[in-house]
Number of protein chains: 2
Amino acid sequence: MINKNTKIGFIGTGVMGRGMIQNLLKGGYSVYIYNRTKEKALPLIEKGAILKNSIKELCKECGVVITMVGYPSDVEEVYLNEEGILNNIKPKSYVVDMTTSKPSLAKKIYSKAKENDIFSLDAPVSGGDIGAAEGTLSIMVGGDKEAFDALMPIFELMGKNIVLQGTAGSGQHTKMCNQIAIASNIMGVCEALSYAKKSGLDPKTVLKSIGAGGAASWQLSAYAPRILKGDYAPGFYIKHFVKDMKIALEEASEMGLTTPALELSKKLYDKLIADGQEDLGTQALYNLYK
Amino acid sequence: MINKNTKIGFIGTGVMGRGMIQNLLKGGYSVYIYNRTKEKALPLIEKGAILKNSIKELCKECGVVITMVGYPSDVEEVYLNEEGILNNIKPKSYVVDMTTSKPSLAKKIYSKAKENDIFSLDAPVSGGDIGAAEGTLSIMVGGDKEAFDALMPIFELMGKNIVLQGTAGSGQHTKMCNQIAIASNIMGVCEALSYAKKSGLDPKTVLKSIGAGGAASWQLSAYAPRILKGDYAPGFYIKHFVKDMKIALEEASEMGLTTPALELSKKLYDKLIADGQEDLGTQALYNLYK
């Protein structure tokens, strides 16, 4: 059972994990952390987190283990390796992968966890670094309702919009829907802004007009001002976005679904990666239009 | 000078014009109307509008003439013909084209108007039939500040977000930015929904998750529920959207700007037109993904 004394393990202390961990600490939980690059975890010790030297050690302490790592290959390693979570966590514990990862991998982890009497959810998020810091993430969950209900008090410290989407993998599928919509929206933002500049308009004044009507979007209001300042710092890394689009395209292809706008977006972002811009934020797509 | 006794002429009583005219009448103005297809104007007589049999007759009465017609060719005809506005309106009058039309044509009308001592603005809108009916349109204006200020009380009856974007043609250019953003967003909406369905998710539940985060957009919240109900009734006609995209692509091309997502969107909508779907609403793009 999960209560206020439950110790939470958190693996992955990057730009997202950092904000989420701080909100768990503020909520009064003991949080045990692990990160492959130890240096990135150190600032969280001052905030009250307890650093562990291995996943194995972390798992010994915790009744809930949350993961927020980079790629599906990282998820696979962290969960399924000999030294990974599922081989070292106590029975009746909860594991929650909040990384954006493959739906099929989420199902695999769920099945393996179930064999070991462990409850597993896939729970990717949307809302970026700001949402993570402010505890306003949208959390898309796949798995069993009992586990979802049990973890709700913990989810509520990190997010505002927490929805059970269906069985294992459904959180990941929903996140793909989210990324598919974004993949198109960000192209629209960049093309609209580049048109505005080229036609001699003042893009800031243009935003006053188009930010409120049928063209309004989160992508526009969050990123257009950053683009106009030349601020390409990552709220969301290009390399991670391309990873997500790759998963979405593979899944779509397996389902026999054609998504030409997603394909185009991936193609444009691949150009940026080929140009060494993978560590910029997704708004740097604008660089292709300059 | 414009005051409460100024008679307003309104040419074009389609789905947009109808709502706008009613709001001008509610504001206490005398409104003289003209429409090529007279039948479409008749219901407005009951609301207090005065029907004229020609543009020439309408122009004799009015100190302000507003146009909301279909295509740039209609705008050209209505303004520049022998029997059109600029050859028949009194000096010191105001003309306002609220049709989405070519920036170059707006400049041409402005110059011709100026020669005749007439004040001209281009002022296309965003917000659809609902915005027109409710007086909440976003109005994007190009032209001189004096004319913009003089017309503000009239604009305020029709819209909420009224912005002077620059010299003649700037309203049209801004509207192009708006349509460019929408052209991508609607593809994202359709691809996300089709992925949701194909992957076995409940699309309505998916909208609860993705409608609030980074994928949030006006297009998603307005059209996804209609798509899920199979409601393809036009808030905004495909044929008009394709007209707008065509103008934007021509302008972009003249400026040496490449807009691949806009090109793709136009290409997809062209397929719908080839399939006879031009009178459906823009959300019918989803038909390509079914």
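On the basis of being within 22 Å of residue B:223 (Cα to Cα), of a type in the set (D, E, K, R) and touching a residue at least 12 places away in the same chain (Cβ under 8 Å), does residue B:134 make the cut?
Criteria met by residue B:134.
Evaluate the following for residue A:243: is it in contact (Cβ under 8 Å) with a residue 60 or more places away in the chain, among the charged types (D, E, K, R) and more than 8 Å from chain B (Cβ to nearest Cβ)? I'd like the intermediate steps shown before the answer.
Values: in contact (Cβ under 8 Å) with a residue 60 or more places away in the chain: yes; among the charged types (D, E, K, R): yes; more than 8 Å from chain B (Cβ to nearest Cβ): yes.
Yes, satisfied.
When you look at residue B:82, is it in contact (Cβ under 8 Å) with a residue 24 or more places away in the chain and either of a type in the set (Asp, Glu) or touching a Phe, Trp or Tyr at 6+ places or on another chain (Cβ under 6 Å) (or both), yes or no?
no
Scan region B:118-138 for residues that are in contact with a helix residue (DSSP H, G or I) (Cβ under 7 Å, 6 or more places away or on another chain), in a helix (DSSP H, G or I) and buried (at least 23 other Cβ atoms within 10 Å of the Cβ) and report the count.
Count: 1.
Residue B:284 - would you say it is closer than 29 Å to residue B:69 by Cα, at pLDDT below 95, more than 7 Å from every other protein chain (Cβ to nearest Cβ) and under 25 Å from the mean Cα position of the chain (by Cα)?
no
Residues checked against (1) within 14 Å of another protein chain (Cβ to nearest Cβ); (2) of a type in the set (A, V, I, L, M):
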site: A:65; (1), (2): no, yes
site: A:92; (1), (2): no, no
site: A:102; (1), (2): yes, no
site: A:110; (1), (2): no, no
site: A:135; (1), (2): yes, no
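Please specify each residue of region A:238-261 satisfying the condition of being in a loop (DSSP other than H, G, I, E, B) and either under 18 Å from residue A:185 (Cβ atoms) or not assigned by TED's automatic domain parsing to the domain that holds residue A:204 (or both).
Within region A:238-261, just A:259 meets the criteria.
Which condition number does residue A:267 fail, the rest of (1) at the interface with chain B (Cβ under 9 Å from one of its Cβ atoms); (2) crowded, with 20+ Cβ neighbours inside 10 Å; (3) more than 21 Å from residue A:103 (Cα to Cα) being met?
(2)
Could you grab the pairs with beta carbons closer than 6 Å, sequence gap of 6+ or different chains, first residue in region A:262-290 and in contact (Cβ under 8 Å) with a residue 24 or more places away in the chain, second one surrounded by 14 or more Cβ atoms within 10 Å (Cβ to Cβ) and charged (D, E, K, R)?
Note: pairs meeting the criteria are A:262/B:191; A:278/A:239; A:283/A:226.
Please verify whether region A:126-138 includes one or more residues that are at pLDDT 95 or above and in contact with a Phe, Trp or Tyr (Cβ under 8 Å, 6 or more places away or on another chain).
no
Just for region A:205-237: of the residues that are at pLDDT below 95 and more than 18 Å from residue B:186 (Cα to Cα), which one is surrounded by the fewest Cβ atoms within 10 Å (Cβ to Cβ)?
A:233
Could you list all residues from region B:131-145 that are among the small types (Gly, Ala, Ser) and farther than 16 Å from residue B:14 by Cα?
Answer for region B:131-145, where residues must be among the small types (Gly, Ala, Ser) and farther than 16 Å from residue B:14 by Cα: B:138, B:142, B:143.
Being among the hydrophobic types (A, V, I, L, M, F, W, C), without any contact (Cβ under 8 Å) to a residue 24 or more places away in the chain, farther than 21 Å from residue B:139 by Cα and surrounded by fewer than 21 Cβ atoms within 10 Å (Cβ to Cβ), is that true of even one residue in region B:33-46?
yes
Quick check on residue A:41: is it touching a strand residue (DSSP E or B) at 6+ places or on another chain (Cβ under 6 Å), at negative phi and modelled with pLDDT under 95?
Answer is yes for this residue.
Say we look at region A:137-156 and pick out the residues that are within 16 Å of the chain's Cα centre (by Cα) and of a type in the set (A, V, I, L, M, F, W, C); which of these is nearest to the other protein chains (Cβ to nearest Cβ)?
For region A:137-156, the residue satisfying everything is A:140.
Within region B:186-203, track down each residue that is more than 7 Å from chain A (Cβ to nearest Cβ) and part of a helix (DSSP H, G or I).
B:186, B:190, B:193, B:197, B:203
Restricting to region B:157-185, what's the tally of residues that are crowded, with 24+ Cβ neighbours inside 10 Å, at the interface with another protein chain (Cβ under 8 Å from one of its Cβ atoms), touching a residue at least 24 places away in the same chain (Cβ under 8 Å) and not small (Gly, Ala, Ser)?
Number of matching residues: 9.
Would you tally the residues in region A:204-220 being among the charged types (D, E, K, R) and within 7 Å of chain B (Cβ to nearest Cβ)?
Of the residues in region A:204-220, 1 are among the charged types (D, E, K, R) and within 7 Å of chain B (Cβ to nearest Cβ).
If we scan region B:225-237, do we find a residue that is within 11 Å of chain A (Cβ to nearest Cβ) and closer than 15 Å to residue A:180 by Cβ?
no
Which of the residues belonging to region A:106-117 are without any contact (Cβ under 8 Å) to a residue 60 or more places away in the chain and surrounded by fewer than 23 Cβ atoms within 10 Å (Cβ to Cβ)?
A:108, A:111, A:112, A:114, A:115, A:116, A:117
Check region A:246-257 and report whether any residue there is of a type in the set (Asp, Glu), closer than 30 Å to residue B:124 by Cβ and facing chain B (nearest Cβ under 8 Å).
No, region A:246-257 contains no residue that is of a type in the set (Asp, Glu), closer than 30 Å to residue B:124 by Cβ and facing chain B (nearest Cβ under 8 Å).
Could you check, for region B:271-278, whether at least one of its residues is within 12 Å of chain A (Cβ to nearest Cβ) and surrounded by 18 or more Cβ atoms within 10 Å (Cβ to Cβ)?
The answer is no, given that none of the residues of region B:271-278 is within 12 Å of chain A (Cβ to nearest Cβ) and surrounded by 18 or more Cβ atoms within 10 Å (Cβ to Cβ).
The values are calculated or read from the model by the stated rules, or taken from the named source; none is laboratory data. These figures come from a predicted structure and were not determined experimentally. Here Cβ is always computed from backbone atoms with ideal geometry, including for glycine, and neighbour counts include all displayed protein chains.
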